[in-house]
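For reference, the structure is listed below as structure tokens.
The values are calculated or read from the model by the stated rules, or taken from the named source; none is laboratory data. Source: prediction; values computed, not measured. Cβ placement follows ideal geometry from the backbone for every residue including glycine, while neighbour counts extend to all protein chains displayed.
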């Protein structure tokens, strides 16, 4: 049987150059770097776009996944190296001078923010290295009618890849991205078909690694035993007890922890923090989770089909950020992450594309922030004055 040809989204040299140009714009080097002749490497399904200095020397390359059209950042020459090669600075013996770092972690200047719109687009407008922690639970893949917005599972993964890629850019050096995600059961369309379970966390793990993150932990969120029966798994076996029919009732979800690649140790963030008093105030008290099994009751809401519990958000924020840090949730929902961030003395950035959920956040923010609610930065949305806010609810 003839092998099916791979479908490339990048089919021409012009397309490859266009994407490479966008990368140079992101790193503010589009006016000083030109391109060599792009080449397709069909062994790895990538385009290589050579980057040249004004005098014609090759100083790097942009590597693009020909199938997805996404830039492979770990394989693409980064801004610091490009700048160093452009400047051509040496120490007199032909070796490059090492640029000294001030050795101090950055403090974000972002204020509490709520953005209405597609998180991919909003992330693209977020300043680089301005977020200290990303914590989110992305929408399930077509598990329920309200989530059926992706034509294929590959489209769903591509969307998550774009979010993870942009999150890598906005995260501060060596900071964490924590994702609550679980396997998904696609129910059968008829009794003549079998249901299908997709191991989403394992596919997402691969994306994180490819997009420049180090794997840190797989935390297992354990729910009460009765929580999993709603999926219908296990009922047939419970009634008949026939071999081969056995299916375990799911009562767990993954909380996957990743760290943006860096050569700096965790201790650097603690010892070099510009405000050591915040480090001291952020210390974890007794009663913390000592293992990767977290027993937490799920949350329910009449206004959102799949919220995660406040307790989960608070644990993640407490363990992976300092006070006054900025916590981003690109799938903000009704604002659970923001509410937990404020409670723990952090700032928040919430992106959400459903207006009905933005309105819930708008309604509840005064309860989180009180008088500070008027200082929230709203993007693509005009909140009602405080004295009129509750009239529509």
All but one of (1) in contact with a helix residue (DSSP H, G or I) (Cβ under 8 Å, 6 or more places away or on another chain); (2) modelled with pLDDT of 90 or more; (3) within 25 Å of residue 326 (Cβ to Cβ) hold for residue 171, so report the exception by its number.
(1)
Strands (runs of 3 or more DSSP E) (entirely within segment 310-393) containing at least 2 residues that are surrounded by 21 or more Cβ atoms within 10 Å (Cβ to Cβ):
326-329, 347-352
Out of (1) closer than 22 Å to residue 293 by Cα; (2) surrounded by fewer than 17 Cβ atoms within 10 Å (Cβ to Cβ); (3) at pLDDT 90 or above, the odd one out for residue 209 is which?
(1)
Count, please, the residues in segment 31-43 that happen to be surrounded by fewer than 17 Cβ atoms within 10 Å (Cβ to Cβ) and under 14 Å from residue 71 (Cβ atoms).
0
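Counting only residues that are over 19 Å from residue 126 (Cα atoms) and more than 20 Å from the chain's Cα centre (by Cα), how many does segment 343-377 have? Walk me through how you get there before you give the answer.
Going through segment 343-377, the residues over 19 Å from residue 126 (Cα atoms) turn out to be 343-345, 354-357, 359-374.
Cutting the leftovers down to more than 20 Å from the chain's Cα centre (by Cα) gives us 343-345, 355-356, 359-374.
Residues meeting the conditions: 21.
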Considering (1) at pLDDT below 90; (2) touching a helix residue (DSSP H, G or I) at 6+ places or on another chain (Cβ under 7 Å); (3) over 23 Å from residue 299 (Cβ atoms), say which one residue 123 fails and leave the rest.
(1)
